[in-house]
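The values are calculated or read from the model by the stated rules, or taken from the named source; none is laboratory data. In this text the structure is predicted, and so the values were computed from the model without any measurement. When we count neighbours, we look across all protein chains shown, and the Cβ atoms used for this are built from the backbone with ideal geometry, even at glycine.
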Amino acid sequence: MEADTAAGGAQWIERAEREGVRPEEALAMFDSLPPVSLEAMIGNWRGGGVPTGHALDGLLEAYGWHGKRFVSPDEVDPLLFTAGRGKLVALDPRYLPVGLVCALRPHRWRWTAGMFSLASRLIRTRQPTARLRMIEYRGVTSAAMVYDRQPIIDHFREVEPNLLLGLMDLRGMPPFVFTLRRE
């Protein structure tokens with residue numbers, strides 16, 4: 001699958017989510033897309049992974065990840081999960097051992113979803129745990145989400161007004177690719 005231009009981005013996203021893509025194809029698509037303003041980020045967004053062979057592929061979805069909430073540039077809930085009866089809860093990412101999770105890939109074991117559900121009750125938060133800033137990444141200045149207590153920056157590009165392609169930039173790892181759809 002070749003990376004289409006930004007005009008065919010939505011179709012590319014659908015195929016990539018369904019079939020997966022090589023990391024270099026995802027990066028080429030990301031680089032072809034226009035930047036996103038901070039104002040355009042405000043709202044609730046449903047998240048989804050784009051399989052690229054990354055250690056985090058499928059992890060968030062396996063544990064009930066819903067998406068992200070951007071209230072203002074200084075008030076961001078980066079990890080919204082679905083709890084009982086469809087209720088959305090924000091989790092504090094500072095308690096998530098990202099490096100260990102990438103090494104062990106616990107979502108491959110069925111029993112870990114139940115453990116995560118129990119543990120997630122202890123790391124819920126009502127406080128924002130990330131911020132939005134305009135940051136240059138891969139030669140383009142666009143909206144990015146900076147985690148308060150994790151060495152992670154999520155960079156965003158616009159596929160269309162209600163569909164974004166994101167790259168999670170974690171020091172020492174290739175980017176994790178995901179989508180956000182406005183709710």
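From the list 43, 64, 48, pick out the single residue that is touching a helix residue (DSSP H, G or I) at 6+ places or on another chain (Cβ under 7 Å), within 27 Å of residue 91 (Cα to Cα) and surrounded by fewer than 21 Cβ atoms within 10 Å (Cβ to Cβ).
Of 43, 64, 48, the one residue that is touching a helix residue (DSSP H, G or I) at 6+ places or on another chain (Cβ under 7 Å), within 27 Å of residue 91 (Cα to Cα) and surrounded by fewer than 21 Cβ atoms within 10 Å (Cβ to Cβ) is 48.
Do you know which of the residues in the range 21-37 that are surrounded by fewer than 17 Cβ atoms within 10 Å (Cβ to Cβ) and farther than 13 Å from residue 160 by Cα is nearest to the chain's Cα centre (by Cα)?
For the range 21-37, the residue satisfying everything is 23.
So which residues in the range 61-86 are hydrophobic (A, V, I, L, M, F, W, C) and touching a residue at least 40 places away in the same chain (Cβ under 8 Å), if there are any at all? Explain how you work it out, then say what you get.
Step one: list which residues in the range 61-86 are hydrophobic (A, V, I, L, M, F, W, C), which gives 62, 65, 70-71, 76, 79-81, 83.
Selection gives 62, 70, 71, 76, 79.
Only one of (1) in contact with a helix residue (DSSP H, G or I) (Cβ under 6 Å, 6 or more places away or on another chain); (2) at positive phi; (3) not hydrophobic (A, V, I, L, M, F, W, C) fails for residue 139. Which number is that?
(1)
Name, by its number, the condition in (1) farther than 29 Å from residue 128 by Cβ; (2) at pLDDT below 95; (3) surrounded by fewer than 17 Cβ atoms within 10 Å (Cβ to Cβ) that does not hold for residue 9.
With (1) farther than 29 Å from residue 128 by Cβ; (2) at pLDDT below 95; (3) surrounded by fewer than 17 Cβ atoms within 10 Å (Cβ to Cβ) applied to residue 9, the lone miss is (3).
Residue-by-condition table, conditions (1) within 15 Å of the chain's Cα centre (by Cα); (2) more than 17 Å from residue 153 (Cα to Cα):
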residue: 40; (1), (2): no, yes
residue: 47; (1), (2): yes, no
residue: 52; (1), (2): yes, yes
residue: 61; (1), (2): yes, yes
residue: 68; (1), (2): yes, no
residue: 78; (1), (2): yes, no
residue: 81; (1), (2): yes, yes
